[in-house]
Amino acid sequence: MVKFGVNLLLWTDKFDSESVELIPKVAGMGFEAVEIPIFDPEAVDLKATKEALKETGLIPIGGVIMSPERDPISDDPSVRRDAIDYLKACVDITAELGGELLCGPMYSAVGKLAGRPRTDEEWGRAVEAIREVADHAAPKNVTLAIEPLNRFETYFLNTAEDAVKLVEEVGRPNVKVHLDTFHMNIEEKNLPRAVIRTGEHLGHLHCSENDRGIPGTGHIDWEGVFKALARIGYDRFIVLESFVPGIKEIAKAAAIWRPINPSAEAFAQQGLAFLKTLARSILG
Ligand code: LER
Ligand code: MN
């Protein structure tokens with residue numbers, strides 16, 4: 001059975017002790033899982049977060065936020081080392097909170113564009129970094145899910161096909177592909193076909209409308225996507241993701257300058273209702 005979650009980036013880009021109050025809020029909306037953006041591993045209040053998760057029964061998913069200072073494909077070896085250390089800290093937090101999945105674009109900084117295609121050297125650095133983090137994560141029972149982004153947010157990994165290629169080259173059973181319908185709408189010729197080709201490699205899914213609006217209000221082929229999920233037997237998380245202009249860092253990274261949704265709450269609640277209805281009729 002798939003489980004529905006929401007990414008807390010909808011409300012905050014810095015998960016800290018104050019953000020813990022978002023956990024009961026999300027549980028009250030009817031979600032079963034919560035994606036926690038780990039901006040600063042030191043700022044995560046492990047004790048309070050664990051308590052809130054225990055009280056609500058929500059399943060935590062860790063989300064990474066890379067930056068130019070922690071970039072696994074940087075030319076600077078110390079920046080690469082900081083990226084790997086950061087990712088390992090995110091694995092530790094995810095495991096400590098009782099989670100089994102760490103997701104996101106963990107190969108490069110969001111918004112980093114080089115004005116050229118990725119190089120073989122950068123590809124090799126990403127493979128090495130992800131292998132090292134995966135080997136750290138395996139004994140903690142944490143799986144990594146790698147998210148391709150659209151071409152305006154990264155030059156490194158844009159398509160499901162390339163993400164599968166990366167995951168196959170990494171060659172670790174605890175490394176999967178993470179797809180996001182918003183990015184797919186820009187980069188894939190056909191969303192259901194991309195899901196089917198990802199197949200057993202699919203480890204995580206973000207759902208967002210083509211304009212980052214509420215699922216069901218735009219032109220994403222939701223029925224096709226869910227039929228493809230049924231065909232590959234997908235039974236992991238489905239996480240709603242959007243951003244609002246007030247959350248500055250993520251608004252900047254995702255270029256959200258106008259209110260796409262009436263409110264964060266409307267996005268989460270209406271999106272959940274729409275996707276749950278679809279899941280009931282297609283996934284059973
Ligand atoms: C993160 O999950 C994502 O999809 C990016 O677009 C954030 O900028
Ligand atoms: Mn996403």
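The values are calculated or read from the model by the stated rules, or taken from the named source; none is laboratory data. A quick note: this is a predicted structure, and the numbers were derived from the prediction, not measured. Note: ideal-geometry Cβ built from the backbone for every residue, glycine included; neighbour counts use all protein chains shown. The accessibility values were calculated without ligands, DNA or RNA, using every heavy atom of the protein model including side chains. Shrake-Rupley method; radii C 1.70, N 1.55, O 1.52, S 1.80 Å.
Structure notes:
- The residues on offer are K50, K88, K54, and the sole one that is basic (K, R), away from ligand 2 (no atom under 15 Å from the Cβ) and closer than 20 Å to H136 by Cβ is K88.
- V127 more than 30 Å from G57 (Cα to Cα) and either part of a strand (DSSP E or B) or touching a residue at least 60 places away in the same chain (Cβ under 8 Å) (or both): no
- Filter result for R258 (modelled with pLDDT of 95 or more and open to solvent by 10 Å² or more (accessible area, probe 1.4 Å)): no
- Among the residues here, V195 qualifies as under 25 Å from F274 (Cβ atoms), open to solvent by less than 40 Å² (accessible area, probe 1.4 Å) and away from ligand 2 (no atom under 14 Å from the Cβ).
- The single condition among (1) part of a helix (DSSP H, G or I); (2) within 16 Å of ligand 1 (Cβ to nearest atom); (3) in contact (Cβ under 8 Å) with a residue 40 or more places away in the chain that A194 does not meet is (3).
- Looking across region 229-252, the residues that are more than 20 Å from W11 (Cα to Cα) and not aromatic (F, W, Y) come down to L229, A230, R231, I232, G233, D235, R236.
- In region 213-226, the residues that are open to solvent by 10 Å² or more (accessible area, probe 1.4 Å) and either modelled with pLDDT under 95 or part of a loop (DSSP other than H, G, I, E, B) (or both): I214, G216, T217, G218, H219, I220, D221
- D85 satisfies every condition listed in (1) part of a helix (DSSP H, G or I); (2) open to solvent by less than 60 Å² (accessible area, probe 1.4 Å) except (2).
- Listed by position, the strands (runs of 3 or more DSSP E) enclosed by region 1-78 that each have at least 1 residues that are among the small types (G, A, S), touching a Lys or Arg at 6+ places or on another chain (Cβ under 8 Å) and open to solvent by less than 70 Å² (accessible area, probe 1.4 Å) are 33-38.
- Some residue of region 181-189 being under 17 Å from the mean Cα position of the chain (by Cα), under 19 Å from V2 (Cα atoms) and not in a loop (DSSP other than H, G, I, E, B): yes
- Contacts under 8 angstrom Cβ, first residue in region 7-24 being more than 22 Å from G213 (Cα to Cα) and acidic (D, E), partner open to solvent by 20 Å² or more (accessible area, probe 1.4 Å) and modelled with pLDDT of 95 or more, 6 or more apart: D16/D40; D16/A43; D16/D45
- Selection from region 261-272 of residues that are surrounded by fewer than 15 Cβ atoms within 10 Å (Cβ to Cβ) and within 18 Å of G218 (Cβ to Cβ): P262, S263, A266
- Test result for P245, over 28 Å from V175 (Cβ atoms), assigned to a loop (DSSP other than H, G, I, E, B), touching a helix residue (DSSP H, G or I) at 6+ places or on another chain (Cβ under 8 Å) and open to solvent by 10 Å² or more (accessible area, probe 1.4 Å): yes
- Lone qualifier among L149, L205, L166, L229 - being assigned to a loop (DSSP other than H, G, I, E, B), open to solvent by less than 10 Å² (accessible area, probe 1.4 Å) and either at pLDDT 95 or above or within 16 Å of ligand 1 (Cβ to nearest atom) (or both): L149
- Condition broken by T56, with the remaining ones in (1) more than 23 Å from A255 (Cβ to Cβ); (2) within 18 Å of the chain's Cα centre (by Cα); (3) not charged (D, E, K, R) satisfied: (2)
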